[in-house]
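I have a structure here, written as structure tokens, and I will follow up with some questions on it.
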Amino acid sequence: MATLYHNITGELTQELIAAGNNFRARSISLANVHGSNAVSIDLFVQKKLTGKFYFFKQLNLPADTSFIYDFTFDNSLGEFGLFIKLTKSASETPAVDVIIS
């Protein structure tokens, strides 16, 4: 099984797995690499013309902590992509490392 690695910074929505990528995910590890500020995390799948479906919304991840979420995501049909959105809790730019396996 393949593993995907991402360094996510900023408050824009970012694609983690593209629709049609034929990837099967079983878990995701999120690590807040910011030393002093928490980050709020939205993790969701999205399909054009259908909308967003959240695994979690506004998950608060304190500074220097990690969160492992076991889930099943299979986009072999090519319909849904997996996305993340970070929201800062202070004036600093949020930064999270993501490992999907």
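Computed from the coordinates by the stated procedures, all read-outs in this text should not be read as laboratory data. All values reported here derive from a predicted model rather than from experimental measurement.
Rounded to whole Å and sorted largest first, what semi-axes of the equivalent ellipsoid does the C-alpha gyration tensor of the chain yield via the square root of 5 times each eigenvalue?
24, 15, 10
So for segment 29-101, averaging the separation of alpha carbon pairs under 8 Å that are six or more residues apart and normalising by length, what relative contact order in percent results?
Result for segment 29-101 is 48 percent.
Amide H of residue 24: which non-local residues (sequence gap of 5 or more, or other chain) have their own amide H closer than 5 Å, using H built in the peptide plane?
The answer is none.
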